[in-house]
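Scroll down for the structure; my scribbles are underneath it.
The values are calculated or read from the model by the stated rules, or taken from the named source; none is laboratory data. Keep in mind the model is a prediction, meaning the values are calculated, not measured. Please note: Cβ atoms are built from the backbone with ideal geometry, for glycine as well, and neighbour counts cover all protein chains shown. Just the protein is used for accessible areas: all its heavy atoms, side chains included, with ligands, DNA and RNA removed. Shrake-Rupley method; radii C 1.70, N 1.55, O 1.52, S 1.80 Å.
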Amino acid sequence: MGAGSVAVVVTEDIDVPSWDLYELSIPCTVFGKPQADLADPWYDLRLCGTGTPDRDGAAAGAGLALRTRYGLDDLAGADTVIVPSVPDACVEDGAPLSPALVAALRRAYDAGARMVSLCTGAFALAEAGLLDGRRATAHWMHAAQLAERYPKVQVDASVLYVDDGDVLTSAGLTAGLDLCLHLVRRDLGAQVANQLARRMVVAAHRAGGQAQFIPMSVAGTDDEGVGPVLDWARARLDRPLTVQDLARRAALSPRTFYRRLQAATGTTPVQWLLNERLGQARHLLESTDLPVERIGELTGLGTANNLRHHFLKHVGIPPSEYRRAFPRTVPEPSARP
């Protein structure tokens, strides 16, 4: 696709709540700063306000006043349109969204723009009818409201983001950054996305299907809880581990342990182990020059072919390509006793 233009909707341009700046800053950071050594041309970022472009205004409360060079009419000319959030009143109190915004989003979609929402921005896409019949996500705290208000939307509160081709949605906060980096990966390739992520000091890639949140903290001192067992397993990823092994360590039946782990982490024991092994493999690829075969052994993923298989499936690129983004060498970790 190439970089193209990215129009970011600023739904509140006077008295902007400070906490909304996080989602707004994500696409500005990813798409707004030129990275000519990674890809040239880079993205053409446009902040589009709902009011008159370049209007004068002052914050009436504790928020900020933003002036944008572009307005809603400019959405239709963009390759990608991102809605970082909508006003809290539209989510919590059911206040109506700006009809002009909704109409502009529809026009942009009809003109062929790729439509993206971060966090509560999904409410705007849903109001415009762009999520009807589609799987979508939002911050887990607002997913139930989104599903209730827009029953035609297939809301999935368990994932970081959903890529439905020309319409993409993400969960809140850092998941929005994951989705923006995913867009760069789609547009410019994994190498560029990995290098950009390294400059931003964030993980190069988190799959959209990864669990969005941990519903409750895992106790660190409860001998009958799963927390100590997970710590025990993390220290032994190079060894064969089964659900029965973990359950036995927790002094629980496999079925009970399965339920407790799923309640604590939002995933199954098998998937949790795979995620931990892949996480350790990423760390070793980023920080050492160990052969892929050795990394497969240290992480319990087995052969180099098996490591490549899981990396391609869950990360999207082979280990060798992932490693090229992290040219650093440290000594091989010592074997565990």
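Here the gap between Trp19 and Arg186, fully extended at 0.36 nm per residue and compared with their Cα-Cα distance, gives a gain of 57.3 nm. Rounded to 0.05, the FRET efficiency of the His283 and Glu92 pair, given R0 = 41 Å and the Cβ-Cβ distance, is 0.55. Backbone phi angles across region 283-288, fed through the Karplus curve with coefficients 6.51, -1.76 and 1.60 (θ = phi - 60°), yield HN-Hα couplings of 4, 5, 5, 6, 10, 9 Hz in residue order; Gly and Pro are listed as x.
Placing one equal scatterer on every Cα of region 5-200 and applying the Debye formula, the log10 ratio I(q)/I(0) at q = 0.14 Å⁻¹ is -0.75. At full extension, Ala111 and Asp166 could sit 18.6 nm farther apart than now, given 0.36 nm per residue minus the alpha carbon distance. Amide H to amide H, with H built 1.01 Å from N, Arg114 comes under 5 Å of Thr80, Val81, counting only residues 5 or more places away or on other chains. Here the simple spin-label model places points 7 Å from the Cα toward Cβ, and for Thr242 and Gln271 these points are separated by 2.2 nm. With every protein chain in place and a 1.4 angstrom probe, the accessible-area ranking of Val155, Val8, Val201, largest first, reads Val201, Val155, Val8.
Once backbone amide H atoms are built at 1.01 Å from N, Val8 has Arg46, Leu47, Cys48, Ile82 as its partners under 5 Å, excluding neighbours fewer than 5 places away on the same chain. Remark: the Cα gyration tensor places region 226-325 in the prolate category, a/c being 1.5 or greater and a/b exceeding b/c. Spin-label model, His309 to Lys152: label points 7 Å out along the Cα-to-beta-carbon direction sit 4.2 nm apart. Per-residue accessible area (protein heavy atoms, 1.4 Å probe) orders Trp232, Trp140 as Trp140, Trp232, starting from the largest.
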